[in-house]
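The values are calculated or read from the model by the stated rules, or taken from the named source; none is laboratory data. The structure displayed is predicted, hence computed values, not measured ones. Cβ placement follows ideal geometry from the backbone for every residue including glycine, while neighbour counts extend to all protein chains displayed. These accessible areas exclude ligands, DNA and RNA; they are computed on the full protein's heavy atoms, side chains included. Shrake-Rupley method; radii C 1.70, N 1.55, O 1.52, S 1.80 Å.
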Amino acid sequence: MPEMNLIVLTSVDSTNNYLQQLVNQELAAEGTVVLALEQLKGRGQRGKVWESHPGLGLYCSVLFQPPSWHVEKQFVLNKAVAVGVALYLESRTAADIRIKWPNDLMADGKKIAGVLIENNVRGSFLSSVIAGIGINLNQQVMSDQYETRATSLFLLNRLQYDAETEVQELFRFLWQVYRQLISGEKEWVEAQYMHRLYKQGTRAAFTKEDEVFFGVLESVNDNGQALITTDGITQPYSHPVVRYYASGY
């Protein structure tokens with residue numbers, strides 16, 4: 001495992017943006033982690049804002065530089081990061097942790113964390129991967145403005161958490177999974193991901209072009225497409241063209 005190079009910021013627009021600037025200037029090596037005590041413009045999926053208030057959550061970005069990783073398999077790295085976050089959460093709570101396609105983490109059916117992966121591509125390969133991770137740590141009251149109900153480690157365990165301490169444990173789990181992936185254990189990562197895939201193998205509601213349909217999520221391929229079976233036919237669907245129906249969470 002590389003030595004963790006931790007950069008702690010009191011406040012920043014986005015940890016992903018900050019780390020990307022370091023990468024552009026060749027000032028960041030693999031294992032660099034940017035932790036913000038507050039994010040002013042934290043980003044979630046589909047351009048949504050991730051609430052990032054001081055002292056309440058863990059907001060960080062981690063730099064990976066996978067050797068000779070083909071762009072067509074880029075979502076495998078997403079899976080590895082999601083599994084790493086899931087393992088960290090499982091070490092902190094007895095709640096049922098699931099990975100909801102494409103990049104949310106659920107605890108007992110409520111959102112507790114999110115991942116935003118941004119890739120830098122050189123030719124047909126990834127030159128670096130920035131994994132932005134937001135985890136609800138100490139929130140005691142969750143906003144109801146989002147489609148998905150949310151929770152935090154505090155609400156699950158009634159304990160307070162320190163972001164600087166927790167990010168070191170998170171890094172340890174992330175690197176455990178990442179190391180196995182790049183050493184050739186792709187099947188292990190896939191198995192860990194599938195074991196935790198939210199609503200895998202069960203009938204669920206999805207939306208496509210504002211129309212609701214029901215299907216069974218079979219798996220997620222290396223391109224990040226969900227393989228959903230409807231009427232006996234399995235087809236790949238991309239996010240956000242297709243996503244979980246809000247009332248079907």
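Here are some residues: Gln235, Gln160. Which one is open to solvent by 50 Å² or more (accessible area, probe 1.4 Å), part of a loop (DSSP other than H, G, I, E, B) and either closer than 21 Å to Tyr88 by Cα or at pLDDT 95 or above (or both)?
Only one candidate qualifies: Gln160.
Find the residue count for region 212-232, including only residues that are assigned to a loop (DSSP other than H, G, I, E, B) and either among the aliphatic types (A, V, I, L, M) or surrounded by 15 or more Cβ atoms within 10 Å (Cβ to Cβ) (or both).
Residues in region 212-232 being assigned to a loop (DSSP other than H, G, I, E, B) and either among the aliphatic types (A, V, I, L, M) or surrounded by 15 or more Cβ atoms within 10 Å (Cβ to Cβ) (or both): 3 in total.
Taking region 76-96 only, how many residues are among the charged types (D, E, K, R) and assigned to a loop (DSSP other than H, G, I, E, B)?
1
Would you tally the residues in region 97-152 being closer than 21 Å to Leu87 by Cα and part of a strand (DSSP E or B)?
Final tally of qualifying residues: 25.
May I ask you to list the residues in region 103-116 that are surrounded by fewer than 24 Cβ atoms within 10 Å (Cβ to Cβ) and either of a type outside the set (Gly, Ala, Ser) or touching a Pro at 6+ places or on another chain (Cβ under 6 Å) (or both)?
Across region 103-116, the qualifying residues are Asp104, Asp108, Lys110, Lys111, Val115, Leu116.
For residues that are touching a Gly at 6+ places or on another chain (Cβ under 8 Å) and open to solvent by 70 Å² or more (accessible area, probe 1.4 Å), tally how many sit in region 165-211.
1
If you scan region 122-155, which residues turn out to be modelled with pLDDT of 95 or more, β-branched (Val, Ile, Thr) and open to solvent by 30 Å² or more (accessible area, probe 1.4 Å)?
Residues satisfying the conditions do not exist here.
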